Amino acid sequence: MPTWPRVEIVLQAIDVVEALGINPADVAPKHWRQVHNRLATSGEPQRYTLKRQRAWLRRRSIAPSGAASSRSSLRVPPSRA
């Protein structure tokens, strides 16, 4: 897939989140990872919903400090031996 259509899809994903009244920076990191992974395989990203946001906020509120977002997309994933 050429670059511009991918950029457009990402911008649309951001628009969907903003239309829900959610700051894109507050969205579950897992959502942005799946957007990336779907685009990398020429798939269609799943739409983010208020239900998913509520679930993310609940997980984050009950997880030990830092555990809910410990898998940053900037970190190298652990090797599988």
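What follows is calculated from the coordinates using simple rules that are stated; it is not laboratory data. Only a predicted model underlies this, so the values are computations on that prediction, with no experimental measurement involved.
In sequence order, region 30-46 has phi-based couplings of 4, 5, 5, 5, 5, 4, 4, 5, 5, 5, 5, 10, 6, x, 9, x, 6 Hz under the Karplus curve 6.51 cos²θ - 1.76 cosθ + 1.60, θ = phi - 60°, and Gly or Pro positions carry x. On a per residue basis, the convex hull of the C-alpha atoms belonging to region 3-62 measures out at 73 Å³.
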